[in-house]
Structure formats: C-alpha cells, structure tokens
Amino acid sequence: MLNKILLLEDDPLFGETLVDMLEDEEFNVTLCPNGQAALDATFNQHFDLYLLDINVPLIDGVTLLKELREAEDETPAIFVTSHKEKEKMQEGFISGGDDYIVKPFDNDELLLRINALLRRFKKKEELCRCGLCIDQARKVITYQSQELELSKREFEVLSLLIKNANSIVSKEMIIDELYNLSEGGSEGAIRVYINRIKQLLPELNVENIRGIGYKLVC
C-alpha cells in the first residue's frame, strides 16, 4: 500500500515538481495550494505524512498543523521553510511539527527525512494482535495486511478489543471510549458495532461475556 502524503504548497511549478519526484518514489501525493484546501483534504482521507509550506494563502502551515493537533491528529509533519523564518519555525515545533527542511533543498535529503519519520511513527503507532494491526497515525486497522472498511465507532471498538486481547473489555470501557459525558452511551449501539465486526471478520473469536462485556481471544 502506497504511503499517502499531503503536500501544502502554493507555488504551482514547485509543487508539481515535488509531486513528480515523490510519485516516482511511489508515494501517493495530494497537492493543496492553500491551507483551507489542505484542511478540507484531511477530513476526506487519512494521510501518512504532512509536508507543509508555511507562507501559503488562507491558513498558513503552522496554524493548520496547530488546528490538526488540537483535533488529536498526530500524523507526522515536516515543515518547508526558508532561512529567514527561524522564529516561525520555533512556533511550528511548539504547534506539533516533527521536522523541517530549508528551501532550496536537495531531493535526496527530503526523501531521507520523510522515510525516517515514516519508519519511526509506524513503529510507534502500530500495534498488532490476533493478525490485526492498528495504525494509529492513519486511524485504520488491517487484518492479514488487508485494510478493513470500518466506521469511526467500529474502529474505536475494535481497537479497544485489540489492545486488550485475551482480556475482558467491559461495556463501561467501551462507552467511555466511544462517548463523551454529554452524549451518554447505548448498550444496543455497542451490540450493533460488535455484530458488524463479527460479520466483517467471521474467523475472529470475539466472545460475549454475558452481562459484562466482550473479549477478543487469540
């Protein structure tokens, strides 16, 4: 599966040059000319890495990443900057940036930084149990290397079962994970999510612990 990169760059020629270079290295790249377009793109799909120019229209790169981090988006991010933006870069790291590279840069150096960051986050964010792997950065779960089509709530329920494999996950634990205090929770809804997971993965052993909760048995 190709790694997906969101590239925020308002210079069309430079942006297309970067896209061509990254796609030659087998990355899937979405090019956004302004911060609002980039923000919208994050609502529609998951990315493995953000490559963000700073001085772009509508929402600058630093403000964009700050908003994403406040929304609990931990996707690794590299800022693209120039020598005169040192103070802005300090703000960028405080806002959640993981690395930066200065324009003009060597393409090989950029690729080294991208691949190093992806390796580090993949190792940090991926947890595997029972043939299932959670990729927290992309908010996806794979089974035997195949990505599952899950709703947000189904992802959260299955993640909880994987993290607590061979142990009981109580209904209260699931409600706490899925709902905030103002929403409340429904045991009926939980049953729907569990049944959907069982239908999607009939080979898995998800036990119903009567009156208590559920257990994923490996």
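The values are calculated or read from the model by the stated rules, or taken from the named source; none is laboratory data. Only a predicted model underlies this, so the values are computations on that prediction, with no experimental measurement involved. Methodologically, a virtual Cβ is constructed for each residue, glycine included, from the backbone with ideal geometry; neighbour enumeration extends over all protein chains shown.
Checked against (1) among the aromatic types (Phe, Trp, Tyr); (2) in contact with a strand residue (DSSP E or B) (Cβ under 9 Å, 6 or more places away or on another chain); (3) assigned to a helix (DSSP H, G or I), Phe43 passes all but a single condition, namely (2). Listed by position, the strands (runs of 3 or more DSSP E) contained in the range 52-151 that have at least 1 residues being within 20 Å of Leu6 (Cα to Cα) and in contact with a Phe, Trp or Tyr (Cβ under 6 Å, 6 or more places away or on another chain) are 77-81, 99-102.
For the range 10-65, a residue qualifies if it is among the aliphatic types (A, V, I, L, M) and loosely packed, with under 14 Cβ neighbours inside 10 Å, and exactly one does: Leu13. Every residue in the range 164-177 that is at pLDDT below 90 and touching a Leu at 6+ places or on another chain (Cβ under 9 Å), please. Once the filter is applied, which keeps residues that are at pLDDT below 90 and touching a Leu at 6+ places or on another chain (Cβ under 9 Å), the range 164-177 yields only Glu177.
Yes or no: Ala71 among the small types (Gly, Ala, Ser), within 16 Å of the chain's Cα centre (by Cα) and surrounded by 14 or more Cβ atoms within 10 Å (Cβ to Cβ)? Explain how you work it out, then say what you get.
On the way: among the small types (Gly, Ala, Ser): yes; within 16 Å of the chain's Cα centre (by Cα): yes; surrounded by 14 or more Cβ atoms within 10 Å (Cβ to Cβ): no.
Here the answer is no, as Ala71 does not meet what is asked.
The sole residue among Arg138, Arg120 that is surrounded by fewer than 15 Cβ atoms within 10 Å (Cβ to Cβ), at pLDDT below 85 and not assigned by TED's automatic domain parsing to the domain that holds Val206 is Arg120.
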